[in-house]
Every structure is written in structure tokens, then in C-alpha cells.
Amino acid sequence: MDLEILQEPDFQRREWRLERVGWTLLTLFVLAGLLGLVGPGPLGDTTRAGEGGLVEVSYGRVAHYEADDLLSIRFDPAAVEQDTVTLALTGSWVSGVDLQGVTPAPSEERVTDDGVVYEFAVEEPGDLTVTVSFRAQDVGPLTADVAVGTDSLSLTQLILP
């Protein structure tokens, strides 16, 4: 007795092709996660320095909406003017995040039309590192301009849901 099995080879080839595409996308997503392209990992964190070398910012390239995160800003001793370091943060990043706190506490804080300016009193000469804690309130790319004296740099952070 012969079994009659209805086969559709074109349909089966399309299904296998879609399955391979799905497995490939899943593998790429897992690799991106392991490398830090969608969160913490070796490619997730970066450090950028200003052209003049007065400021250096360490941050995660990717942050998540409503998650606690940090921005670490290191100032060269040459950034100190009259026992004060002045830091200006501007751009879409400032309006797209909820600034939770700044450590050490600035001696003065001013809100401007396009961002915020912090002044830090420096008692001892040497490097000063400031940590800005924040929570992202927008989704998508946010750009920040960090300025210290005549030195500045731009950074872009991708905010994922």
C-alpha cells in the first residue's frame, strides 16, 4: 500500500529560508548583547577626551529608559582657574534625562537656556573626577556637549526602551 503525502517543495524551501533568517537574526542579537551593543559589555562603555585634554568623559554608549546610569567626567589639573572648575552641559541629552545628582556637590549650579552649568571648588591641585547620575526620560539618540573652559567635546548616547 502506497501512502500519498501531499508535498509542497516551494513552500518548504520558503519556510526553511525564513527559519534560517530568524536564527541568524537571533544569533546577531545575542552577539550584540554579549559585546555590549545593547547594554553593558566590552563595546558598551567608552571614554572621550576633549581636543585640549582638559576634560575626559566616560559613559555607556547605550542606556535604557528610566534606568539609573552614570556619566563620569575627569578634569585635568590645567582646567582649574582661580580654584574653580566650570563645567557646561548642553544639548538634547540634558533635556532628555532626569539629572539625579552630581558627586562631589558643585559649589554653584546654574540653569541656562540650552543646558546647565556647574562650578566646582578645587582645594588641592590634581585631577578632579565628577560623577553625574541620571535617568533617561527619552528614547533614541541623545547628544551632549561638554565644555570646560576652552575645551569641549560632543558625545552621543542611544537610549533604548
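Only the coordinates and a few stated rules stand behind these numbers; no lab work does. Not measured: the values here are computed from a predicted model. Neighbour counts run over all protein chains shown; Cβ positions are idealised from the backbone, glycine included.
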| Given (1) assigned to a strand (DSSP E or B); (2) more than 25 Å from LEU37 (Cβ to Cβ), number of the condition GLY126 does not satisfy | (1)
| task | Evaluate region 133-154: report whether one residue or more is touching a residue at least 60 places away in the same chain (Cβ under 8 Å), assigned to a strand (DSSP E or B), in contact with a Leu (Cβ under 8 Å, 6 or more places away or on another chain) and surrounded by fewer than 16 Cβ atoms within 10 Å (Cβ to Cβ). | result | yes
